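Please treat every number below as a calculation from the coordinates, not as lab data. Here the structure is a predicted model, which is why all the values come from computation and not from measurement. Note: ideal-geometry Cβ built from the backbone for every residue, glycine included; neighbour counts use all protein chains shown.
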Amino acid sequence: MAQNLLSQQWLAERREQALVCLALDVKTLLGWFSQDVLSLAGPPLAVRQELFDFIVSELQQREDEQYPTIRKLRKALLNQRDQLLAFAGVVDQKLAEIAEDFELPLAAPRSRLSYLITLA
């Protein structure tokens, strides 16, 4: 009986370690999603799309029958990709217009936007 309890405890500790690692991975991915993909002052649309696809791929690798929420999240993100990133195309267009109007390199208004958002 004692051996059985030790075995159960060992299995529970291993499961706990795996769950903590999974939670940290998902937290990191969602942090990148929030800070890099959905940030107003983020990178150009093409880069956001690559980051988005990377994050979705990483979530897919962490899917498991025991954690259907990860699969639901990944599918929801994948199905809404274009809608979620639509604002980035508008931001890119507006920044390009500003750069053209003031004869600046394209990176200048994007850099300024990033700076202004950090002040807010």
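When Leu95 is tested against (1) surrounded by 15 or more Cβ atoms within 10 Å (Cβ to Cβ); (2) without any contact (Cβ under 8 Å) to a residue 40 or more places away in the chain; (3) under 30 Å from Val20 (Cβ atoms), just one condition goes unmet, and that condition is (3). Within the stretch 39-76, the set of residues being in contact (Cβ under 8 Å) with a residue 40 or more places away in the chain, aliphatic (A, V, I, L, M) and surrounded by 15 or more Cβ atoms within 10 Å (Cβ to Cβ) comprises Ala41, Leu45, Ile70. Filtering the stretch 98-115 to residues that are loosely packed, with under 14 Cβ neighbours inside 10 Å and hydroxyl-bearing (Ser, Thr, Tyr) leaves only Tyr115. Close contacts from the stretch 16-34, counting a first residue that is free of Cβ contacts under 8 Å to residues at least 60 places away in the same chain and farther than 19 Å from Pro68 by Cβ and a second that is assigned to a helix (DSSP H, G or I) and not aromatic (Phe, Trp, Tyr), with Cβ to Cβ under 7 Å and a gap of 6+ residues or different chains, come to Trp32/Leu51; Trp32/Ile55; Phe33/Ile55. Considering only residues in the stretch 77-92 that are loosely packed, with under 14 Cβ neighbours inside 10 Å and aliphatic (A, V, I, L, M), the one that is farthest from the chain's Cα centre (by Cα) turns out to be Val90.
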